[in-house]
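Okay, structure first, notes after.
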Amino acid sequence: MKSIGPSQYRIFRKFYRNAAREMCKDCADFILPNSKILDFGCGSGTVGKEFGIFFRSSVLGVDIIDNRIEDIEFIKYNGEDLSFLEENYFDVVLINFVLHHCKNPKDLLKEIRRVSNNTIILYENLPEGPLSKMMCYLHGVSFAKLFQKNKERGKFFTKKEWEDIFKEVQLEVVHSKKVSAWFNPMKEHLFILKKGV
C-alpha cells in the first residue's frame, strides 16, 4: 500500500489551514509575538506555518518523514532522540495530534519539556466513550499502515491518564479545553502546559 505524502496533503490544504487558524485562536492568550516555535511532528507543515503567520513567529518543524507542503524550516529525526535541540530554546512547543503515534510518548514529553522554555501546546484524541475508543483505534491502525508502514496501533490516553503523565514529567496544566466539534465521534482535547518545578 502506498504511503500518504505531500501530494495527498495538498488536496486538504485549505481544510488544514482553516483548522490551524482556529487552533491559533485557541492559543492566542498563551503565545507572544516573535516567539520561537517548535512544531513537533509537523507533517505537512501547514499548522506550523499558520502559527508562524498568526503569531509573527519563527517555526522549526521536526518529523520522522519530510512531508512538508509549506515552506518552514525543517529537521528530520529518528523518532526518539531530540538531543540535537538546545535545552530551553523554544518559547513554545506545538504537538498537534502526534504523541499517540509515538512508541514512547512519555519519554518524548520529557525531551519536549527539556527543549521548551516554558509553554507546551498539546492537542490529543481521547479514547473516552465507545465510539471515540473505536475511532481512535481505527485512526491508529490506518495511520500506521499509510504513514509509518508498521503495525503500531497508537497509544491513546484518557484525559485523566494524560493528567497523570503530566504530573509525572513535571508539567502543569494551565488550560484544558474540549475542541472537537459536536458531530465528531472522536474526542479531541487541548492541553496547554507549563514547566513545573
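Points worth noting:
- Farthest towards the positive end of the charge dipole of segment 27-144, among the residues 51, 141, 79, is the Cα of 141, using unit charges on the Cβ of Lys, Arg, Asp and Glu.
- Highest average packing first - 79-90, 175-186, 112-123, Cβ atoms within 10 Å: 112-123, 79-90, 175-186
- Taking Cα centre as origin and charging only the Cβ of basic (Lys, Arg, +1) and acidic (Asp, Glu, -1) residues, the dipole magnitude of segment 1-141 rounds to 460 debye.
- Antiparallel bridges, percent of DSSP beta bridges restricted to the chain (to nearest 5): 45 percent
- Portion, in percent, of the accessible area of the chain that falls on carbon or sulfur, probe 1.4 Å: 53 percent
- Taking Lys and Arg as +1 and Asp and Glu as -1, the other residues whose beta-carbon sits under 10 Å from that of residue 189 total +1.
- Length-normalised contact order of segment 58-144 in % [C-alpha pairs under 8 Å, at least 6 apart]: 25 percent
- Protein-only accessible surface order, largest first, of 32, 131, 109 at 1.4 Å: 32, 131, 109
- The chain - accessible surface per residue (Å², probe 1.4 Å): 53 Å²
- Members of 14/195; 110/178; 36/133 lying beyond 31 Å, as alpha-carbon distances in this model show: 14/195; 36/133
The values are calculated or read from the model by the stated rules, or taken from the named source; none is laboratory data. Every value quoted in this text rests on a predicted model; they were computed, and no experiment measured them. Because the Cβ atoms are built from the backbone with ideal geometry, glycine has one as well, and the counts that use them run over all protein chains shown. Accessible surface areas use protein heavy atoms only, side chains included; no ligands, DNA or RNA. Shrake-Rupley method; radii C 1.70, N 1.55, O 1.52, S 1.80 Å.
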